[in-house]
1. Would you tally the residues in the stretch 105-119 being exposed (fewer than 15 other Cβ atoms within 10 Å of the Cβ) and part of a strand (DSSP E or B)?
2. Of all strands (runs of 3 or more DSSP E) completely enclosed by the stretch 130-209, which ones contain at least 2 residues that are under 21 Å from Val61 (Cα atoms) and at pLDDT 95 or above?
3. Is it the case that the stretch 26-37 has a residue that's within 18 Å of Ser177 (Cα to Cα) and either modelled with pLDDT of 95 or more or open to solvent by less than 60 Å² (accessible area, probe 1.4 Å) (or both)?
4. Looking at the stretch 120-167, which of the residues that are over 12 Å from the mean Cα position of the chain (by Cα) and among the small types (Gly, Ala, Ser) is surrounded by the most Cβ atoms within 10 Å (Cβ to Cβ)?
5. Kindly provide the set of residues from the stretch 41-81 that are more than 26 Å from Ser181 (Cβ to Cβ) and assigned to a loop (DSSP other than H, G, I, E, B), ordered by number.
6. Residue under question is Ser91, and the condition is that it be under 22 Å from Tyr41 (Cα atoms) and either hydrophobic (A, V, I, L, M, F, W, C) or open to solvent by less than 80 Å² (accessible area, probe 1.4 Å) (or both); does it hold?
Amino acid sequence: MKKNFIWMLAAILLCGTMSMVVTACGDDDDDNGTSSSSNVYEVTLSAVLPRCSAPYLQLKVEYTDADGKSETLLVKEGDESQSISEDAMNSYKNATSAYRGNPAYVTILDDIIVRNIKLRVPAGKSFSYQGTIVTRNDYATPTSDVNVVQPCVISKGKRISGNGDDRSELASNGSLSVIASFGIDAESFASIMDRWNGRDAGKGGATMK
């Protein structure tokens, strides 16, 4: 009888110890679930095609979302322009600051077609994009001087939910450079278009936190 009691006591103690171990593991999982990995971001890729360039150039944007799905957007003449955020417009102005001393150039630079790509990116997930300039094969060679401003892709992010540190700045372009050519004459136009074709118009991506 005494032996049976000892075995029962040992079994009770063993079960209690296992229960404590399982509970402790469960607590660790809960702590991980409420860490910064709960952040969710909205990443906006603003594809910018200056109207002065649209008769001659297009902007191809290839991008991959947080689920690994890849798609392509082609921005072209005649597209209805969408709004551009103040943050993205400030980046565009900074990238074209070298030309903004001339008020006439500012008017040309800021007359743009904008198409926005919005991506939902949870923390721990990645996105990427590549912008490429594509010369139109149906453009008409101008008979007088023209202006051409480089198309570009501007990337911005904002946190839309979560309780971790806000790392939305990871989604922004590192450095953005935009080249403009004003007063291109007809004789030089074709060779300049050849140099523009296939040029990088902005690329990037990040793993959000």
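The values are calculated or read from the model by the stated rules, or taken from the named source; none is laboratory data. Values in this document were obtained by computation on a predicted structure and should not be read as measured data. Counting neighbours? That spans all protein chains shown, and the Cβs are built from the backbone with ideal geometry, glycine included. What goes into the accessible areas is simple: the full protein's heavy atoms, side chains included, and nothing from ligands, DNA or RNA. Shrake-Rupley method; radii C 1.70, N 1.55, O 1.52, S 1.80 Å.
1. Number of matching residues: 1.
2. 146-149, 152-161, 200-207
3. The answer is no; no qualifying residue exists.
4. Ala123
5. Result: Asp65, Ala66, Asp67, Gly68, Lys69, Glu80.
6. yes
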